[in-house]
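Novice: Starting off with a structure, shown below.
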Amino acid sequence: MPKILSKEKLSENISKIVVEAPHVAKATKPGQFIVVVPTENAERIPLTIADFDKKQGTITIIFQIVGATTRILNSLKEGDNIAHILGPLGVPSHMEKFGTVVVIGGGVGIAEIYPVVKSLKETGNEVITIIGARCKELLIYESELRTQSAELKTTTDDGSSGRKGFVSDELKDIINSGKKIDRVIVVGPVPMMRVCCDVTKPLAIKTMVSLNTLMLDATGMCGICRVTVGGETKFACVEGPEFDGHQVDFGELASRLSAYKNKEKEADNHVCRLLKNG
Amino acid sequence: MAEKKLRKKMGERSVVERITDFQEVPLGYTLEEAISEAKRCIQCKNPQCVKGCPVEIDIPGFLKYLALGNFESAIKKIKETNSLPAVCGRVCPQEEQCELKCVLGVKGEPVGIGNLERFLADWERAENRKQKAESGEKKKDKIAVVGSGPAGLTCAGDLARLGYQITVFESLHVTGGVLTYGIPEFRLPKKIVEMEIDYIKSLGVEIKTDMLIGNVYTIEELLKEYKAVFIGSGAGLPKFMDIPGENFDGVYSANEYLFRVNMMKAWKFPEYLTPIKIGKKVAVVGGGNVAMDAARVSLRLGAEEVCIIYRRTKNEMPARKEEVHRAEEEGIIFKNLTLPIAYHADEKGWVKDAKCIQMELGEPDSSGRRRPVPIEGSNFKIPVETVIVAIGNSPNPLIPHRTPNLKTERWGGVIITNEGATSISGVFAGGDIVRGAATVISAMGDGKRAAKAIHKMLSA
């Protein structure tokens with residue numbers, strides 16, 4: 001079973017774990033994800049691989065506690081085993097020398113852009129990174145991303161760090177400064193991805209988004225991850241998770257993501273009670 | 001002339017009792033019933049039943065032992081060629097296979113071969129007489145099997161019995177493939193699947209879960225370490241009808257619905273944390289076994305009204321008669337000659353009705369079944385809160401996508417020879433990855449055929 005080698009609390013609700021998973025690390029490329037089942041009774045949840053080390057045989061996962069299964073995952077400690085990890089999954093990010101690429105990360109999506117930024121830089125791109133969160137405490141991975149980016153811009157909703165505002169404001173400024181942008185990659189909450197796409201669409205700047213749909217098997221079988229892209233149904237687990245953001249039906253995506261909200265709350269309450277009672 | 005004995009009926013739980021839980025419906029033969037039924041076999045010199053069995057069980061052979069009350073030898077006889085008797089005894093469509101060919105069926109009722117196979121497997125389990133698996137002389141050759149569903153397990157079991165070293169790679173966190181994620185508990189208890197898999201393991205087969213071949217290791221990489229590879233990676237993306245509203249919340253594919261319930265045990269929520277949401281009114285679209293399963297699961301999850309929407313009539317339904325019968329008994333409503341053409345949702349995006357059109361049967365089509373034709377102006381709405389689309393699935397796309405030399409049909413099925421060989425030397429395939437969506441037993445037959453071909457190749 002995959003063992004947790006180290007665990008770090010990045011902010012109130014975000015944790016980082018490094019897990020021993022040599023066969024996953026060996027095959028991983030930037031933009032791919034894994035399915036985690038922390039204990040036998042938990043859900044299968046998709047999480048992005050935030051970093052991987054082929055030599056050490058480890059992968060890094062950064063996750064936000066949003067429900068029952070992430071809460072269980074967070075209850076595991078250094079040295080504990082995770083019941084199941086499956087991966088790498090999904091199509092890797094397309095890498096080539098595009099020129100100037102703006103990579104945008106929001107919330108826990110900030111960690112997810114790290115391997116993409118690193119790889120874009122290695123491929124010879126000029127990477128401008130924009131990260132945004134609600135407040136300073138949630139602005140994770142800032143120094144790591146700074147070393148990999150030509151420029152790093154930060155925004156917070158409350159102005160506690162960087163610009164007070166949204167990542168899309170920074171994006172607009174870069175565009176308005178007249179800089180030629182060859183590609184934009186956005187990873188984060190649905191409203192953020194949608195707004196960024198609204199900015200780039202009229203200018204026809206190719207914008208890729210990484211979709212965090214619900215998943216079960218995540219191997220191309222159950223179909224819950226279906227999303228409408230350019231009027232066609234696509235399956236994010238095997239055809240994604242990256243899609244052309246200008247073609248994605250974000251409204252449908254948001255609705256499908258919230259389909260189990262009440263049940264998820266119920267499960268989370270159940271797990272909270274269990275964890276409290278030890 | 002001896003008095004002709006009627007086929008013994010198997011006891012089953014009452015409808016009232018069974019629709020409230022996920023326990024098995026049939027009760028199985030008693031000892032006396034089993035012996036008496038086995039005695040009905042007339043031991044044909046040229047048994048036709050065996051020809052109807054994709055895994056070539058010596059049917060008169062095991063029935064002979066069973067009639068004498070020698071259960072141990074009887075189950076041993078079955079296991080010579082079939083590693084999954086408790087599964088086959090429950091989910092094989094015997095009425096289209098062995099029992100269809102039974103000569104007693106010409107003038108009366110065929111021997112209850114399936115029921116007897118089930119009886120023996122259950123007897124062995126109850127007696128806890130785990131057979132010491134007998135395998136041939138150990139061989140050095142290593143073989144990789146991709147997928148631990150019926151095709152992979154059969155291929156692995158047969159090759160292990162011949163002495164090969166087998167590693168099975170399973171992508172999910174639990175073994176069994178469709179036996180685990182697809183077929184509901186009340187038709188195939190998961191305890192039984194586990195025990196059958198334990199038997200395969202006792203033959204020396206190693207099973208690695210959480211291993212997605214194609215992504216973790218490519219087929220080419222496997223060929224460097226293994227002498228042969230069998231691909232039994234099973235079902236893939238669910239089919240939809242491409243009608244408006246299919247992506248509304250509350251519209252499930254049968255794959256997703258059954259995966260939640262069977263694999264993730266959503267019926268035990270929140271002890272198991274994967275949720276399922278079921279409305280009072282449920283519509284299942286399709287007429288196969290999977291549609292019947294989804295409908296019957298819905299009842300057990302507490303739906304008040306469950307209907308099957310099918311575009312032809314009951315006569316054309318691909319589901320087993322037995323399954324249709326049980327669904328009817330349990331109160332599933334059959335809306336035949338009906339085709340959904342759109343779904344509508346409430347303001348929250350949750351499905352609220354299915355717009356349908358009435359059909360009539362026209363001329364026969366290429367499948368030989370009469371083609372359903374829409375009746376103009378017959379549109380009507382069925383109020384629903386949950387829709388389950390059970391119209392089949394394509395083969396799993398993952399391995400074909402990652403294996404450029406692997407030839408496939410345009411619809412995605414891996415192309416194989418009569419022996420199960422693919423376009424890549426040393427690589428064989430079978431089950432749903434080849435057939436699209438077929439039966440457990442045909443997948444098992446494919447696994448067996450490939451095992452023979454692999455053995456032949458490696459013995460040459």
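Novice: Which of the residues spanning the stretch A:208-231 are assigned to a loop (DSSP other than H, G, I, E, B), farther than 11 Å from residue A:257 by Cα and out of contact with any Pro (no Cβ under 6 Å at 6 or more places or on another chain)?
Specialist: Listed by number, the residues that qualify are A:216, A:217, A:219, A:221, A:222, A:230, A:231.
Novice: Here are B:23, B:48: which of them is of a type outside the set (Asp, Glu) and either assigned by the TED database to the domain that holds residue B:192 or loosely packed, with under 13 Cβ neighbours inside 10 Å (or both)?
Specialist: The conditions single out B:23.
Novice: Any idea which of B:433, B:357, B:415 is surrounded by fewer than 18 Cβ atoms within 10 Å (Cβ to Cβ) and not assigned by the TED database to the domain that holds residue B:87?
Specialist: Checking each option against the conditions leaves just B:415.
Novice: Being in contact with a strand residue (DSSP E or B) (Cβ under 8 Å, 6 or more places away or on another chain) and acidic (Asp, Glu), is that true of even one residue in the stretch B:73-81?
Specialist: Keep residues of the stretch B:73-81 that are in contact with a strand residue (DSSP E or B) (Cβ under 8 Å, 6 or more places away or on another chain), which gives none.
No - not one qualifying residue is present in the stretch B:73-81.
Novice: Here's something else I'd like to know. For the stretch A:38-81, what are the residues that are touching a residue at least 60 places away in the same chain (Cβ under 8 Å), within 14 Å of chain B (Cβ to nearest Cβ), surrounded by fewer than 21 Cβ atoms within 10 Å (Cβ to Cβ) and farther than 15 Å from residue B:273 by Cα?
Specialist: Once the filter is applied, which keeps residues that are touching a residue at least 60 places away in the same chain (Cβ under 8 Å), within 14 Å of chain B (Cβ to nearest Cβ), surrounded by fewer than 21 Cβ atoms within 10 Å (Cβ to Cβ) and farther than 15 Å from residue B:273 by Cα, the stretch A:38-81 yields A:75, A:81.
Novice: So, restricting to helices (runs of 4 or more DSSP H) that lie completely within the stretch B:2-91, which ones have at least 3 residues that are free of Cβ contacts under 8 Å to residues at least 40 places away in the same chain?
Specialist: B:31-38, B:59-67
Novice: I've got another one for you. Any residue at all in the stretch B:325-340 that is over 19 Å from residue B:254 (Cα atoms), within 14 Å of another protein chain (Cβ to nearest Cβ), part of a loop (DSSP other than H, G, I, E, B) and in contact (Cβ under 8 Å) with a residue 40 or more places away in the chain?
Specialist: no
Novice: Checking the condition away from every other protein chain (no Cβ under 14 Å) and at pLDDT below 95, which residue from A:108, A:117 passes?
Specialist: A:108
Novice: Return yes or no: is residue A:278 small (Gly, Ala, Ser) and modelled with pLDDT of 95 or more?
Specialist: No: the conditions fail for residue A:278.
Novice: Closer than 18 Å to residue A:140 by Cα and either in contact with a Pro (Cβ under 7 Å, 6 or more places away or on another chain) or among the small types (Gly, Ala, Ser) (or both): which single residue out of A:68, A:50, A:42, A:27 fits that description?
Specialist: Of A:68, A:50, A:42, A:27, the one residue that is closer than 18 Å to residue A:140 by Cα and either in contact with a Pro (Cβ under 7 Å, 6 or more places away or on another chain) or among the small types (Gly, Ala, Ser) (or both) is A:50.
Novice: Can you tell me which residue in the stretch B:218-247 is farthest from the other protein chains (Cβ to nearest Cβ), limited to those that are closer than 24 Å to residue B:421 by Cα and assigned to a loop (DSSP other than H, G, I, E, B)?
Specialist: Within the stretch B:218-247, the match that is farthest from the other protein chains (Cβ to nearest Cβ) is B:227.
Novice: Please work out if residue A:28 is surrounded by 20 or more Cβ atoms within 10 Å (Cβ to Cβ) and either in contact with a His (Cβ under 9 Å, 6 or more places away or on another chain) or more than 11 Å from chain B (Cβ to nearest Cβ) (or both).
Specialist: no
Novice: Looking at the stretch A:215-233, which of the residues that are more than 7 Å from every other protein chain (Cβ to nearest Cβ) and closer than 25 Å to residue B:149 by Cα is surrounded by the fewest Cβ atoms within 10 Å (Cβ to Cβ)?
Specialist: A:215
Novice: Against the condition among the hydrophobic types (A, V, I, L, M, F, W, C), surrounded by fewer than 20 Cβ atoms within 10 Å (Cβ to Cβ) and either away from chain B (no Cβ under 12 Å) or assigned to a strand (DSSP E or B) (or both), how does residue A:35 come out, does it pass?
Specialist: Working: among the hydrophobic types (A, V, I, L, M, F, W, C): yes; surrounded by fewer than 20 Cβ atoms within 10 Å (Cβ to Cβ): no; either away from chain B (no Cβ under 12 Å) or assigned to a strand (DSSP E or B) (or both): yes.
The answer is no for residue A:35.
Novice: Among (1) away from chain A (no Cβ under 14 Å); (2) without any contact (Cβ under 8 Å) to a residue 12 or more places away in the chain; (3) over 23 Å from the mean Cα position of the chain (by Cα); (4) not in a strand (DSSP E or B), there is one condition residue B:347 misses while meeting the rest; what is its number?
Specialist: Checking residue B:347 against (1) away from chain A (no Cβ under 14 Å); (2) without any contact (Cβ under 8 Å) to a residue 12 or more places away in the chain; (3) over 23 Å from the mean Cα position of the chain (by Cα); (4) not in a strand (DSSP E or B), the one that fails is (1).
Novice: With the requirement that a residue be assigned to a helix (DSSP H, G or I), within 25 Å of residue A:270 (Cα to Cα) and either facing chain A (nearest Cβ under 9 Å) or at pLDDT 95 or above (or both), what does the stretch B:248-288 give you?
Specialist: Passing the criteria: B:256, B:257, B:258, B:259, B:260, B:261, B:262, B:263, B:266, B:268.
Novice: Continuing with this model, one more query. Give the residues of the stretch B:369-414 that are away from every other protein chain (no Cβ under 14 Å), out of contact with any helix residue (DSSP H, G or I) (no Cβ under 8 Å at 6 or more places or on another chain) and in a loop (DSSP other than H, G, I, E, B), sorted by residue number.
Specialist: Across the stretch B:369-414, the qualifying residues are B:375, B:376, B:377, B:378, B:379, B:384, B:404, B:405, B:407, B:409, B:410, B:411.
Novice: Take residues that are farther than 19 Å from residue A:222 by Cα, facing another protein chain (nearest Cβ under 10 Å) and polar (S, T, N, Q) and tell me which of the helices (runs of 4 or more DSSP H) falling wholly in the stretch A:234-278 contain 2 or more.
Specialist: A:261-276
Novice: With B:95, B:56, B:117 as the choices, which residue is closer than 30 Å to residue B:204 by Cα, out of contact with any strand residue (DSSP E or B) (no Cβ under 8 Å at 6 or more places or on another chain), of a type in the set (D, E, K, R) and surrounded by fewer than 21 Cβ atoms within 10 Å (Cβ to Cβ)? Break it down stepwise before answering.
Specialist: Values: B:95 fails: closer than 30 Å to residue B:204 by Cα; B:117 fails: surrounded by fewer than 21 Cβ atoms within 10 Å (Cβ to Cβ).
Among B:95, B:56, B:117, only B:56 is closer than 30 Å to residue B:204 by Cα, out of contact with any strand residue (DSSP E or B) (no Cβ under 8 Å at 6 or more places or on another chain), of a type in the set (D, E, K, R) and surrounded by fewer than 21 Cβ atoms within 10 Å (Cβ to Cβ).
Novice: Sticking with this one: Any residue at all in the stretch B:298-319 that's assigned to a loop (DSSP other than H, G, I, E, B), away from chain A (no Cβ under 14 Å) and under 27 Å from residue B:147 (Cα atoms)?
Specialist: Within the stretch B:298-319, one or more residues are assigned to a loop (DSSP other than H, G, I, E, B), away from chain A (no Cβ under 14 Å) and under 27 Å from residue B:147 (Cα atoms).
The values are calculated or read from the model by the stated rules, or taken from the named source; none is laboratory data. For clarity, every value in this text was computed on a predicted model and none was experimentally measured. Don't worry about glycine lacking a Cβ; one is built from the backbone with ideal geometry, like all the others, and counts go over all protein chains shown.
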